[in-house]
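None of the figures in this text is laboratory data; all of them are computed from the coordinates on show. What you see is a predicted model; the values in this text were computed from it and never measured. All Cβ positions, even for glycine, are placed from backbone atoms using ideal geometry, and neighbour counts span all protein chains on display.
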Amino acid sequence: MTRFGYRGGTLNAEAVALPAIAEAVGTPFYCYSTAALADAYLAFETALQGQRVDICFALKSNSNLAVLRTLAGLGAGADVVSEGELQRALAAGVPPDRIVFSGVGKSRRELAAALDAGIHQINAESMPELEALSEIADARGVTAAVALRVNPDVDARTHAKITTGLKENKFGIDIDHAPQAFRRAAALPAVALVGVAVHIGSQLTDLTPFRRAFDRLARLVPALRDDGFTIDRVDLGGGLGITYNDEDPPSLAGYAALVAELIQPLGCRVTIEPGRALVGGAGPGRRGGRAGEPSDLPKDRPDPDLPGSRRSDERSAAAVAVRRVAHHPAGQPGARRRRSDPSRRRRPDLRDRRHVRPATAVAAVGTGRPDRLHRGRRLRRGHGVDLQQPAAGARGDGVGK
């Protein structure tokens, strides 16, 4: 059921004409439907009725405070990936014991903030993160509840930039190495290993990858228990897709049945972290025309900010940030690049990766810059003018889960 539709040629949200809102607040603006948010959340609750599942909204998909307050009022927890998102969740009224801190690259300050807030769980991505967390928690005299994120080596069959469950991806600990990681982590002070976590990607339109990942978890948990570990929680992440154009995402009933079949027999407290599946259909954007131009688009042409429009789809699917940088030839880090005639410049087509080649030894350019990237980071150079960096799961809104 959609809460948006045309009435007399005018787009309405819950029977309120968007042009009327534009007159009151100006453009551009975002309009979210409380009823649409409630519909989506209650659909999850209904599908999972009778199961022990916590629904934690992934803030990376939309961190608007009004949206967060609405979902918090319905009973949703929060899945955060930064200190800023943590503060937003708390400001919106999400109880700390319903907040999960996920994501790679957490800083020591962010780990400290999570501990100080007393959140439900931190999903650790690596041993170095666990060691840092142990040190911080020990200094504060508290114990950190931790779920270890494992990488199940499952292809999510989604866009390459939002696939996170393959061995080649940077997320989580190889599931085959999880027992060794648990044994190492068990020796750390101030850390309580309470569960395992997984998130294989975003915008999944097929249940098969979920089945494969959940099946691997269902076999891992008993193995860890046999090794003497107490596993009380399983975090299944998010990833359920929505319809932008002609996608046919799986039903919530089908997803819930999969959780009941493979995960509930473990007897664990289960957390899921939907993002776009809760908010993707809850609010179009509204843009106004320039001076002297009409602000209303033809009704047979989608607004670029509407869910399902091409711009919305491309941002969610590709999630690629492009930066322009000066190119200094290898071996000449301080060299200047001759300015060319702007009329003769042509940006290479970013969809055609033939123009992109691996970086040389001079990866970070400019006088005084390091001559290599930090460990685990790769840089690609496109004839000295364009760099592409994957931004899936970036700490903004509109991308991820």
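Overview of values
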read-out: Residue order, fewest to most surrounding Cβ atoms within 10 angstrom, among His120, His199; value: His120, His199
read-out: Neighbour cut-off at most 10 other Cβ (10 Å), DSSP loop, chymotrypsin sites (Phe, Trp or Tyr not before Pro), region 217-269; value: none
read-out: Fewest-first ranking of Val142, Val279, Val270, using other Cβ atoms within 10 Å as the exposure measure; value: Val142, Val270, Val279
read-out: Residue order, fewest to most beta carbons within 10 Å, for Ile175, Ile272, Ile21, Ile200; value: Ile21, Ile175, Ile272, Ile200
read-out: Nearest-0.05 FRET efficiency for Arg225 and Ala260, computed from C-beta distance (R0 25 Å); value: 0.80
read-out: Per DSSP, loop trypsin sites (Lys or Arg not before Pro) in region 1-99 with at most 13 further Cβ within 10 Å; value: Arg52
read-out: Full-stretch length increase - Arg140, Gln180 - with 0.36 nm per residue and alpha-carbon distance subtracted; value: 11.7 nm
